[in-house]
Amino acid sequence: MTRRRLLTVAYSLGCVLLVVGGLTAAKAVGDKGEPAPEAAKSSGAKKLVCLGFADTDDPIIRIYPDNFPQPVKVTKVLVPEGAVVKAGQPLLAFDDRIAKLRIEEAEAGVAAAKQEKVKAQAAVDSHVPQVNALNNELSAEAEKLKAKQSELAETQRLFKIMGQKTQNELEAAEAAVKAAEFMLDSVRWKLKGLKDHNPQYLVDLADAGVKRAESVLEQAKYGAEQYACNAPANGKIIRSFASDGMTFGPHSREPAFWFIKDTPLIFRCEVNQEFARRVTKGMTGRIEDDADPSLTWKGKVVRIADQYLLKRSGGGAGPDMIQMSSEERVLECILSIELAPNEAPPRYGQKLKVTLGE
């Protein structure tokens, strides 16, 4: 093969390769299109899809009997699961016979304490007359002593001068004087003891007894009031763990009810850290049921958390709603759910998703 022919073949092969390369490049450009990446990028910057749940701002309230953890037996469950209740409405009835008996016992204690006070006051009221009576008795004993002393002096005179009194009569007169002296001292000591012993302390003690009995009565009444389980606010029973005949006590693991307040529902969604900067307060979005896209609502971002926390496992703020085993942390965003007239809201705990930027 000549040198001229080799050059011709090489030139032809180069042209073919050049044409094939150009066609391939043109096809690649035609498939992708130059403006398409910008459009996709622009579209992605406007929309962000987040998952979450219908919730309330207030957390779930775990309702126990008011006297928990003291044992109490339920006689009747007054409201079913799902019931809408008013603030203060009774939810359970209890066996409160013991509490009523304690009130009766305490009332009897108050009555007895008041009678003790009457008795103490009577002692105070009789104190002055007793003192006056002993003063009179002291005066009488003093006069008796004087009389016995006069009799003794006369007996001594007659015994010595005229011999008209015998030794026995003299000794009897002397004994009578000593007895009168003893009686006078006895009354004097009684009077001193009575004056020193002011019975006013009995009234003070009785007053303290009345206060104590009344305090015991108030405790008994308060204890009876604790045999109750009432709704803490207007709201709804979303789960019931109570049944007729069951007993609540220190070993009870579940409350009587899960309760949520009657407040507007919100949409609580979670945003991964890589997309968090794209969410701003005031953004609007389309909320839809995660399983049925035909159920939609309008929403607006009203609050963005200041911290990244573990993901929730369900709607609400119940005790089992945090995934403690997951290490993934997310930014929580709250959207208001804006309802049209007569539009039904989503259900509490309903799984939803929102497309922000629409």
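Quick notes on this one:
- Ala180 falls short of the stated requirement of being assigned by TED's automatic domain parsing to the domain that holds Ala213 and either part of a loop (DSSP other than H, G, I, E, B) or surrounded by fewer than 14 Cβ atoms within 10 Å (Cβ to Cβ) (or both).
- Flag for Glu116 being farther than 14 Å from Gln200 by Cβ, over 47 Å from the mean Cα position of the chain (by Cα), charged (D, E, K, R) and assigned by TED's automatic domain parsing to the domain that holds Trp189: no
- Residue in segment 198-208 that is surrounded by 12 or more Cβ atoms within 10 Å (Cβ to Cβ), of a type in the set (D, E, K, R), closer than 30 Å to Ala112 by Cβ and in contact (Cβ under 8 Å) with a residue 24 or more places away in the chain present: yes
- Test result for Phe241, surrounded by fewer than 19 Cβ atoms within 10 Å (Cβ to Cβ), hydrophobic (A, V, I, L, M, F, W, C) and not assigned by TED's automatic domain parsing to the domain that holds Gly52: yes
- Note on segment 233-262: residues that are of a type in the set (S, T, N, Q) and out of contact with any strand residue (DSSP E or B) (no Cβ under 8 Å at 6 or more places or on another chain) amount to 1.
- Meeting the requirement of 2 or more residues that are in contact (Cβ under 8 Å) with a residue 60 or more places away in the chain, more than 30 Å from Leu101 (Cβ to Cβ) and within 22 Å of the chain's Cα centre (by Cα), the strands (runs of 3 or more DSSP E) wholly within segment 224-312 are 235-240, 257-261.
The values are calculated or read from the model by the stated rules, or taken from the named source; none is laboratory data. Quantities reported herein were computed from a predicted structural model and do not represent experimental measurements. Cβ: placed from backbone, ideal geometry, glycine included. Neighbour counts: every protein chain shown.
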